[in-house]
């Protein structure tokens, strides 16, 4: 799905891929997030050479965007605070860069990365 905006100069289409890229960038700017989790892939998507396996889902309905993603949190951070910061950052980034209204940002924390002192 795409969001199409019309003006006197023409139309502008914002694809879900653009929104996914903005989400990835926003996630990289929040401390306490180790990474975006990989989604479970089907044989079909594997064979279709879908190279991006990030678990980010973007749903557009009536020009409004809903975003859902699964993350791996970093140890040593308050997960609730990290998710709240992430929701705020993602919503602000998508709305300011695209003009698309974001109704919800749903975050699932799938795991926590514990880094041992020996690997530092």
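Can you name the residue in the range 60-81 that is in contact with a strand residue (DSSP E or B) (Cβ under 7 Å, 6 or more places away or on another chain) and either in a helix (DSSP H, G or I) or in contact (Cβ under 8 Å) with a residue 60 or more places away in the chain (or both) and, of all such residues, is surrounded by the fewest Cβ atoms within 10 Å (Cβ to Cβ)?
Filtering the range 60-81 for residues that are in contact with a strand residue (DSSP E or B) (Cβ under 7 Å, 6 or more places away or on another chain) and either in a helix (DSSP H, G or I) or in contact (Cβ under 8 Å) with a residue 60 or more places away in the chain (or both), the one surrounded by the fewest Cβ atoms within 10 Å (Cβ to Cβ) comes out as 63.
Here is a check on your reading of the model: is residue 90 within 12 Å of the chain's Cα centre (by Cα) and at pLDDT below 95? Please lay out each step first, then the result.
Details: within 12 Å of the chain's Cα centre (by Cα): yes; at pLDDT below 95: no.
The answer is no for residue 90.
Return the residues of the range 17-34 that are within 10 Å of the chain's Cα centre (by Cα) and touching a residue at least 24 places away in the same chain (Cβ under 8 Å); say none if nothing qualifies.
Listed by number, the residues that qualify are 19, 20, 22, 23, 24, 25, 26, 27.
Out of all the residues in the range 16-32, is one or more in contact with a strand residue (DSSP E or B) (Cβ under 6 Å, 6 or more places away or on another chain), in a strand (DSSP E or B) and at pLDDT 80 or above?
Within the range 16-32, none of the residues are in contact with a strand residue (DSSP E or B) (Cβ under 6 Å, 6 or more places away or on another chain), in a strand (DSSP E or B) and at pLDDT 80 or above.
From the list 106, 113, pick out the single residue that is more than 15 Å from residue 21 (Cα to Cα), modelled with pLDDT under 95 and in contact with a strand residue (DSSP E or B) (Cβ under 7 Å, 6 or more places away or on another chain).
113
Looking at 106, 111, can you tell me which residue is under 20 Å from residue 25 (Cβ atoms) and part of a strand (DSSP E or B)?
Exactly one of 106, 111 is under 20 Å from residue 25 (Cβ atoms) and part of a strand (DSSP E or B), namely 106.
Kindly indicate whether residue 49 is surrounded by fewer than 17 Cβ atoms within 10 Å (Cβ to Cβ), modelled with pLDDT of 80 or more and more than 12 Å from the chain's Cα centre (by Cα).
Spelling it out, it is not the case that residue 49 is surrounded by fewer than 17 Cβ atoms within 10 Å (Cβ to Cβ), modelled with pLDDT of 80 or more and more than 12 Å from the chain's Cα centre (by Cα).
Looking at (1) out of contact with any helix residue (DSSP H, G or I) (no Cβ under 6 Å at 6 or more places or on another chain); (2) crowded, with 16+ Cβ neighbours inside 10 Å; (3) modelled with pLDDT of 90 or more, which is the one condition that is false for residue 54?
(3)
The values are calculated or read from the model by the stated rules, or taken from the named source; none is laboratory data. Owing to the predicted nature of the structure, the values given are computational and were not obtained by experimental measurement. We place every Cβ from the backbone using ideal geometry, glycine too, and count neighbours over all the protein chains shown.
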